[in-house]
Amino acid sequence: MNESVQLTCRSVFISDLHLGTRDAQSDRLLEFIRNIECEHLYLVGDIIDGWELRRNWRWSQSQSDVLQKILRKARKGTKIHYIIGNHDEFLRPFLPMVMGDNIDIVHEKVHFALNGKRYLVVHGDMFDAVTMTKKWVAHLGDRCYLFMLRLNRPINTVRRWFGKYHYWSLSKMAKQSVKQAVSFITDYEEVLSSHANESGYDGVICGHIHHAEIRTINAVEYLNCGDWVESCTAIVEHYDGRFEIYEHDQNR
């Protein structure tokens with residue numbers, strides 16, 4: 001998106017930034033944040049990757065710039081809602097936390113949309129049986145995911161030699177090809193939607209599985225923000241009440 005063009009909307013939801021990892025798309029994220037104007041900015045979990053920072057401290061200037069830009073938006077009046085995920089769970093003992101007039105850090109949040117509906121905003125890891133009951137498996141899966149991200153670089157370099165400039169993701173191919181992984185995503189979406197329904201919400205907005213989606217599941221609106229490691233997507237609430245998936249690289 002041209003830097004002179006701004007996306008003006010009521011609310012923006014982004015998740016799974018994984019700042020502190022080599023694969024965080026902080027430059028693209030910074031470009032996106034600079035070019036949006038919104039009343040509410042929801043950070044839907046896994047913003048800072050505490051798991052990776054404990055293993056190998058890595059923090060770039062562009063990642064600091066992202067946090068500084070978010071704080072600057074708060075000073076200018078944007079309401080910042082930081083919902084904790086499993087990778088930034090080190091903050092959970094301190095919740096809820098309020099920083100100034102425009103920043104709150106919480107386990108979950110209720111979003112009152114312009115369409116008159118109530119949405120539960122939650123990262124979603126609490127509805128992932130592996131994350132909650134077999135943390136060692138979750139950490140192993142995280143390492144495998146990071147390994148596949150490393151492989152993406154040489155693979156895409158070779159693809160460009162042959163004129164294939166579109167980014168190709170090994171991890172996404174694995175998720176789409178492995179039946180068990182597809183089943184996990186479906187189960188996750190249905191369990192989270194059922195919880196929202198039983199709790200009296202009209203919809204749920206989440207992250208965690210790095211798969212952007214908007215669909216209706218058993219009369220509940222399910223919205224997933226995607227991630228800023230590969231897909232660079234967000235959920236946007238427009239002033240006419242519509243929600244849509246925003247793909248940054250396709251709107252540049």
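So, S60, is that one among the polar types (S, T, N, Q) and buried (at least 17 other Cβ atoms within 10 Å of the Cβ) or not?
When the stated conditions are applied, S60 does not pass them.
In segment 235-248, which residue that is out of contact with any helix residue (DSSP H, G or I) (no Cβ under 7 Å at 6 or more places or on another chain) and closer than 28 Å to T21 by Cα is modelled with the lowest pLDDT?
Per the criteria, the residue is E247.
Considering (1) under 20 Å from the mean Cα position of the chain (by Cα); (2) at pLDDT below 95, say which one F162 fails and leave the rest.
In the conditions (1) under 20 Å from the mean Cα position of the chain (by Cα); (2) at pLDDT below 95, F162 misses (1) alone.
Would you check which residues across segment 203-222 are buried (at least 24 other Cβ atoms within 10 Å of the Cβ) and either small (G, A, S) or at pLDDT 95 or above (or both) and list them?
Scanning segment 203-222 gives G203, V204, I205, C206, G207.
Out of V98, V12, V106, V110, I need the residue that is among the hydrophobic types (A, V, I, L, M, F, W, C), surrounded by fewer than 19 Cβ atoms within 10 Å (Cβ to Cβ) and in contact with an Asp or Glu (Cβ under 8 Å, 6 or more places away or on another chain). Which one?
Answer to the check: V98.
Which numbered condition in (1) more than 20 Å from H238 (Cα to Cα); (2) touching a helix residue (DSSP H, G or I) at 6+ places or on another chain (Cβ under 9 Å) is the only one that Q6 fails?
Unmet condition: (1).
Quick check on my filter: what residues within segment 201-252 are under 17 Å from the mean Cα position of the chain (by Cα) and of a type in the set (F, W, Y)?
Within segment 201-252, Y222, W228, F243, Y246 meet the criteria.
I'd like to check something: does segment 89-104 contain any residue that is assigned to a loop (DSSP other than H, G, I, E, B), closer than 26 Å to R242 by Cβ and either touching a residue at least 24 places away in the same chain (Cβ under 8 Å) or among the hydrophobic types (A, V, I, L, M, F, W, C) (or both)?
yes
Only one of these is within 15 Å of the chain's Cα centre (by Cα), over 27 Å from C9 (Cα atoms) and crowded, with 16+ Cβ neighbours inside 10 Å: H81, H123, H87. Name it.
So the residue among H81, H123, H87 that is within 15 Å of the chain's Cα centre (by Cα), over 27 Å from C9 (Cα atoms) and crowded, with 16+ Cβ neighbours inside 10 Å is H87.
Tally up the residues in segment 1-16 that are at pLDDT below 95 and among the aliphatic types (A, V, I, L, M), please.
Qualifying residue count for the region: 3.
The values are calculated or read from the model by the stated rules, or taken from the named source; none is laboratory data. Keep in mind that this is a model prediction, so the values were computed, not measured. Quick reminder, even Gly has a Cβ in these numbers, built from the backbone with ideal geometry, and neighbours come from all protein chains shown.
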